[in-house]
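A short write-up of the structure that comes next.
The values are calculated or read from the model by the stated rules, or taken from the named source; none is laboratory data. What you see is a predicted model; the values in this text were computed from it and never measured. Glycine gets a Cβ as well: all are built from the backbone with ideal geometry, and neighbour counts include every protein chain shown. Protein only, heavy atoms only, side chains kept; ligands, DNA and RNA dropped before computing areas. Shrake-Rupley method; radii C 1.70, N 1.55, O 1.52, S 1.80 Å.
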Amino acid sequence: CQPIYRSHGYVPSDSDLAMLVVGQDTRDTVGDFIGRPSSAGVLEDGGWYYVGSRWRELGLRKPQEISREVVAISFNEGGVVQNIERFGLEDGRVVTLSRRVTDSNIKGVTFLGQLLGSIGNVNAGQFLN
Amino acid sequence: QTYSFSDVQIEGNSRIDGGTILSYAGIARGEAVSAGALNDAYQRILASGQFETVELVPTGGTLVIRVTEYPTVNVVDFEGNARIKDEQLSSVVQTTARRVFSPQQVEADAAAIASAYAGGGRVAARVEPKVIRRDADTVDVVFEISEGRLSEIERLSFTGNRAFSDRRLREVLDTKQAGLLRIFVGSDTYAPDRIEADKVLLTDFYRSRGYVDFQVLGVASEFSRERDAFFLTYNVQEGQSFKFGQIRTVSEVEGLSPAEFERAVRVRSGATYSPNAVDNTISRMEAVATEKGLSFVRIEPRVTRNDRTRTLDIDFVVANGPRVFVERIDIEGNATTLDKVVRRQFKSVEGDPFNPREIREGASRIRALGFFSQAEVDTRPGSAQDRVIVDVNVTEQPTGSLSFGISYGVDTGVGLALSFSEENFLGRGQFFSATLNTTDSTGSSSITFVEPAFLDRDLAARFSAFYRISENDNSDYSMRLAGIEPSLEFPIAPNTRLNLGFKIGQEELYDIEQLNSSAILVAEEGKQDSFGLSYALSYDNRRTGLNLNGGVRLRFGQELYGLAGDVEALKTTAVATAETKVFNEEWTVRAEIEGGAYTALGGTQSRVTDRFFGSEMRGFESRGIGPRDLDVENEDPLGGNYYAVARFEAEFPLGIPEEYGITGGLFLDVGTVWGLDNTNGGLASGCVDLNGDGDCQVDDEAILRSAVGFSVFWTTPIGPLRFNFSRALAKEDYDLEQNFDLTVSTRF
Amino acid sequence: CGGGRQREVPIEDLTAEQIYQKAEFELETNGEPEVAAQLFSEVERLYPYSEWAKRALIMQAFAFHSDRDYENSRAAAQRYIDFYPAEEDAAYAQYLLALSYYDQIDDIGRDQGLTFQALQALRVVIEQYPDSEYARSAMLKFDLAFDHLAAKEMEIGRYYLKRGHYSAAINRFRIVVEEFQTTTHTPEALHRLVESYLSLGLTDEAQTAGAILGYNFQSTEWYQDSFKLLTGRGLSMEAKGDSWLAGVYRQVVKGAWL
């Protein structure tokens, strides 16, 4: 059967990236040239990261990321571009996520709550067979 | 000059205490206060809206604040209102009991009541507010209303229309001329806001017929002295009708050829210009762009007019749109529904390029969930100008139903029904239902559970188990069926889904009335286990297809029995349905062809529990058609290995205002059931030829039956009902007709 | 089905105090907050300028609230604040107003809009009436509501993390770390950032996040998980008891996220 392709995120094209000059451009000029990043580092002066990936969905298999491009722009303390690196899908590590969740004491609706809540509202489908 | 007060004295206040007035004034003791500050304090006290008059009199070291309070409203009453009830009026009026009385507010309320009446077509209504002083500080407010008669539109005429007659244009408008049934028809009353809506209808009517320069110059309305009859005249300027000139598709995006977009154009040069055709083409081109994974692409129609040839040349330009990203998707109002159930309806992810079409499709998928009475999806600017935040505001509606009571099936009679079904089980979007229905001749219980996003993929896992008994339901034998049917369904291509599953079941045919039942049935008595694998391909482009108000739905499924159990057979079913809207989208026309074949394998023969009865054919009872053994007393229906039904129907408004939710429909069903493995009927004890055809063979030929009828659709709070009145055209004398049926009209 | 009440003395003849006591009786002993609320509003209507009217208004807000009729309770509390802003009960009225949003959070756990309104109303209590006895419990409830908002951001972050949309997940977790530091979700947010950055291959960002986690939340289990991930001895691929079927049971039947 036919796979469905989908792309997510955004990575600036090579022509845009070529306009950036290491050691000269600052955060603002980078922002104007190639737009703001899809995500950034933890600290205020962390790096800027542009992530673009292409996914393939085939039948009942889990959607698979077939290609990913990460453009990492790191800045020095002065906010001047220090380095522009590219990462691919192969650089990523397959990480087992930990299942634990911080308890958020939001109680969802319970089965009994929903069962009793729907007393009285009726839909015709039950009567007419 | 400035003052400084060591003491403040407040006079005249009885209800509001001094502390409150002081906090309004905002002057502290002993503080230096200029004249300007004094005036501000005065303004603030007045602005609190509690006092009729306020005076600030500085006398030496003390500031005297003399106030007279507004009285409070004790009771608000309405007299003389017959058409609009008190509750509706009190919602319109701001003045309420226990609140401060203010004369301006009462005047505003009187005007609000008058405009409420004008909106309902009673322009002649008069409202007089009366204030009755009970004692020093409380008043009663009474609104005396004289409604006057309903002002109806006697005549509706047009000037300046050359291309279309007054009568044709009157059909276009919502507002109707008062005719014979003026008391019942509401749309002939004069309502100012309806005039605006009619102008839009008139403009759309002309624009979609090529009159690009059409304008409504003005609407003159005079009314008779008693203000109950109106004469409306629409003054229009038609201009010329334009045709499509040269149509071109141009791409301004480098490296993108317009060829693919060219195929999506549905506008032919020479045809009459219509804005819908242009919009339709644009959304088709957008669909092509999304399929090719292009982001930030926009389709711009550039129109060039040449008046001499009265044609419009249109260039569909594929251009680079602005670079905008989705910053956040915020979902609010989901009280019980989990966030992921709504969020997974969007294919776009936070941080993706903003694709308005994708967000619109996500919004329609959220509405299609059926969990929300209202689902508003709109975007607002984000933290930067190239960022957008998608706001999803939903209001939940009850999705569960629990009922124990009486059920009525037209042909199964009255029965006990106990059922619980929940479409949004525990807010996870899962479907769960457990039902138990018993009538005098049938009994069925079933449990169904569906997880639409199994393992967080677009993969619907379904598990259903059923147990059904039918004792002599329109026949002289009984059947007991039980089965478990788990299945998985997932998309294999855009608009196409594949369903894989298996069925474990047991069918039993028992207490066949030996004396006058057909030998065929007697031979089939007994219990059989079945184990089968099933697959079904379904294609459905109604919502996402390129033709926006129609679509095609195909379904082809096969079940292979025989890997285990006693049944060895291949059962094939197929349905093809096409639907479209005609007569500017008021009529829905639908054609459907359905068929099935049950071929027993390995030398076995089909049994009545497996065969088809064509129960979906309207005009006949559930086992009404198909081969029968006419050489026995019971003339039991035997069903057939094959069936084919064609249905043609149209649904159209009956002119009754929308709010009643009643529309009408016509239908024609043609179909037949045929084919038996064993056709030698007659009594088990030997052939006694009753129908005089010389032998005991059962006629299992494909004899065409047809029925025609009309139906009434009524959307009620408990669900969309459909009343079918039908009459058979071609039928066998032994078929069982059914002229009336009441079903839930499923919107496919 | 209720017993017929003995013939009612017409309310109009009773004095304000009698109606007030009747209402209080309904509220405390009979446990009929709705009837009490009606009676309190009668006091306000019949004797609109007495001291009783003022007390009746605040009691009316309380009665509606205990009857879980949040809209009316909000309206009554707001009216009290408009009429008697300087009264010392105004703090209680503002607190009741905040509670009317806050208490709805418990039974409508997921609605983010409501949590936001509760936060704003609670902030008014804390800022305008800092020394009233309600300020302290308002602060407590403010933190809990704030925690609800953080939990919502985490829920969405985990949604994207599990589906492999790491940059969307990172943005959500960063919001928790930057704007919700005081909540109980910060350590988990930092650990999720370690997981997301590692999945993208940005090991130095992962180390920065791990360092912040280690510096502030050394004793949490989250830090141990991050430590294992960062020092290469990642969690074993098949955590114990994690067969495919157990995963399906946990997610489909128990509704767990992973």
Solvent exposure, largest accessible area first (probe 1.4 Å, DNA, RNA and ligands not counted), of B:M617, C:M139 | C:M139, B:M617
Which GluC sites (Glu not before Pro) does region B:243-274 hold that lie in a coil by DSSP with at most 10 other beta carbons within 10 Å?
-> B:E254
Any idea what diffusion coefficient region A:32-119 gets from Stokes-Einstein, in µm²/s, Kirkwood Rh on alpha carbon pairs, 37 °C, 0.692 mPa s?
-> 187 µm²/s
Karplus couplings for region B:565-575 from phi (6.51 cos²θ - 1.76 cosθ + 1.60, θ = phi - 60°), rounded to Hz, Gly and Pro as x?
-> x, 8, 8, 10, 6, 10, 10, 10, 10, 8, 9
Debye intensity ratio I(q)/I(0), log10, region B:1-101, q values 0.16, 0.19 Å⁻¹ (C-alpha model) | -0.71, -0.88
Roughly what % antiparallel, to the nearest 5, for the DSSP beta bridges in chain B?
-> 85 percent
In nanometres, the difference between 0.36 nm per residue of separation and the alpha-carbon distance of B:R357 and B:I492 is 46.4 nm
The protein assembly as shown, dipole about Cα centre (Lys/Arg Cβ +1, Asp/Glu Cβ -1), debye to the nearest 20 = 3060 debye
Inter-label distance, nm, simple model (7 Å from Cα along the C-beta direction), B:T68/A:L115 = 6.8 nm
Of the listed peptides B:52-62, B:352-362, B:664-674, what is their order by residue-averaged count of other C-beta atoms within 10 Å, with the highest listed first?
-> B:664-674, B:352-362, B:52-62
Jot down the radius of gyration and Dmax of the protein assembly as shown, Cα atoms only, both in angstrom.
-> 37.2, 130
Rounded to the nearest whole number, the per residue volume of the convex hull around the C-alpha atoms of region B:642-682 in Å³ is 106 Å³
Antiparallel bridge percentage (DSSP; both residues within region B:206-355; nearest 5) = 75 percent
Here, B:L515 and B:E238, labelled 7 Å along Cα→Cβ, have an inter-label distance in nm of 8.0 nm
Quick one: what are the phi-derived ³J(HN,Hα) couplings along region C:189-200, Karplus 6.51/-1.76/1.60 with θ = phi - 60°, whole Hz, x for glycine and proline?
-> 4, 5, 5, 4, 5, 4, 4, 5, 4, 5, 4, 7
For the charge dipole of chain A, defined by +1 on Lys and Arg C-beta atoms and -1 on Asp and Glu C-beta atoms about the Cα centroid, which residue among A:N76, A:T26, A:V42 has the Cα displaced farthest towards the positive pole?
-> A:V42
Using every alpha carbon pair in region A:1-69, what percent of pairs falls into each 10 Å bin from 0 up to the bin containing the largest distance?
-> 18, 39, 24, 15, 5, 0
If one compares the long axis through the Cα atoms of helix B:192-207 with the longest principal axis of the Cα atoms of chain B, the angle in degrees, nearest 10, works out at 50 degrees
Residue-normalised value, i.e. accessible area per residue, for region B:1-120 at 1.4 Å probe, in Å², stands at 49 Å²
Between C:E51 and B:V219, what FRET efficiency follows from the Cβ-Cβ distance if R0 is 56 Å, with the result rounded to 0.05?
-> 0.40
Over all directions, what mean area does the Cα convex hull of region C:123-204 project, stated in square nanometres?
-> 5.7 nm²
Subtracting the Cα-Cα distance of B:E254 and B:S91 from 0.36 nm times their residue separation yields 52.7 nm
In percent, what relative contact order does chain C have, based on Cα pairs under 8 Å that are 6 or more apart in sequence?
-> 8 percent
Dipole axis of region C:46-116 (+1 Lys, Arg; -1 Asp, Glu on Cβ), positive-most option in C:F64, C:Y47, C:Y84 | C:Y47
Per-residue mean of C-beta atoms belonging to partner chains within 10 Å, peptide B:351-360 = 3
Hull volume per residue for region B:595-670, using the convex hull of the C-alpha atoms, in Å³ is 135 Å³
For region B:417-495 (alpha-carbon point model, no solvent) the Debye-based log₁₀ I(q)/I(0) at q = 0.11, 0.13, 0.23 Å⁻¹ works out to -0.41, -0.54, -1.02
Among C:F173, C:F217, C:F64, residue whose mean-square fluctuation peaks in a GNM of chain C (springs only between Cα atoms under 10 Å) | C:F217
Relative compactness, region B:663-717, computed as alpha-carbon Rg over 2.2 N^0.38 Å = 1.93
Report, in debye and to the nearest 20, how large the dipole of region B:13-82 comes out about its Cα centre when Lys and Arg carry +1 and Asp and Glu carry -1 on their Cβ.
-> 300 debye
Contact surface A-B: accessible area buried, both sides summed, square angstrom, 1.4 angstrom probe = 3500 Å²
May I ask for the angle, rounded to the nearest 10°, between helix B:103-119 and the longest principal axis of chain B, with both axes built from Cα atoms and the value confined to 0 to 90°?
-> 30 degrees
Region B:607-748, Cα convex hull volume normalised per residue, Å³ | 120 Å³
Calculate, for chain C, the solvent-accessible area per residue in square angstrom, rolling a 1.4 angstrom probe over the heavy atoms of the protein chains.
-> 46 Å²
Quick one: length gained pulling B:V414 to B:V688 fully straight, 0.36 nm per residue minus the C-alpha distance?
-> 94.9 nm
Would you calculate the separation in nanometres between label points at C:E32 and B:T395, each defined as 7 Å from the Cα along the Cα-to-beta-carbon direction?
-> 3.2 nm
dims of region C:156-240, Cα set, principal axes, largest to smallest, nearest Å -> 33, 29, 27
Using +1 at the Cβ of each Lys and Arg and -1 at the Cβ of each Asp and Glu in region B:254-405, identify which of B:L312, B:G270, B:L256 lies farthest towards the dipole's positive end.
-> B:G270
In region B:575-659, the chymotrypsin sites (Phe, Trp or Tyr not before Pro) that fall in loop regions by DSSP, at most 12 other Cβ within 10 Å = B:F583
Across 5 Å bins from 0, what is the distribution of all Cα-Cα pair distances for region B:192-312, in whole percents?
-> 2, 9, 16, 15, 13, 11, 10, 8, 5, 4, 3, 2, 1, 0, 0
With x for Gly and Pro, the residue-by-residue ³J(HN,Hα) of region C:125-139, computed from phi through the Karplus equation 6.51 cos²θ - 1.76 cosθ + 1.60 at θ = phi - 60° and given in whole Hz, is 4, 5, 7, 7, 10, x, 9, 6, 5, 8, 4, 4, 6, 5, 4
First measure r as the distance between the Cβ atoms of B:D7 and B:A35, then evaluate 1/(1 + (r/R0)^6) with R0 = 22 Å and state the FRET efficiency to the nearest 0.05.
-> 0.70
Calculate how many DSSP beta bridges within the protein assembly as shown are antiparallel, expressed in % of all such bridges and rounded to the nearest 5.
-> 90 percent
Length-normalised contact order of region C:111-254, Cα under 8 Å, at least 6 apart, in percent, tallies to 14 percent
Kirkwood Rh, chain B, all Cα pairs: how many Å?
-> 33.5 Å
Enumerate the amide H contacts of B:F78 below 5 Å, restricted to partners 5 or more residues apart or on another chain; note that Pro and chain-start residues carry no placed amide H.
-> B:F143
Area projected by the alpha carbon convex hull of chain C, averaged over all directions, nm² = 20.0 nm²
How well do other chains shield peptide B:489-495, expressed as the mean number of their Cβ atoms within 10 Å of each residue Cβ?
-> 4
So, for the Cα atoms of region C:53-158, Rg and Dmax in Å stand at 14.1, 52
For the peptides A:76-85, B:239-248, what is the packing order when you average, over each peptide's residues, the other Cβ atoms within 10 Å and list the highest mean first?
-> B:239-248, A:76-85
If r is the Cβ-Cβ distance from B:D77 to B:S208 and R0 is 41 Å, what FRET efficiency results, to the nearest 0.05?
-> 0.20
Work out the mean other chain Cβ neighbour count within 10 Å for the residues of A:46-57 and drop it here as an integer.
-> 4
Relative to the Cα centre, what is the charge dipole magnitude of region B:551-640, using +1 at the beta carbon of each Lys and Arg, -1 at the beta carbon of each Asp and Glu, and rounding to the nearest 20 debye?
-> 360 debye
Accessible area buried between chains B and C, both sides summed, probe 1.4 Å, in Å² to nearest 100 = 3300 Å²
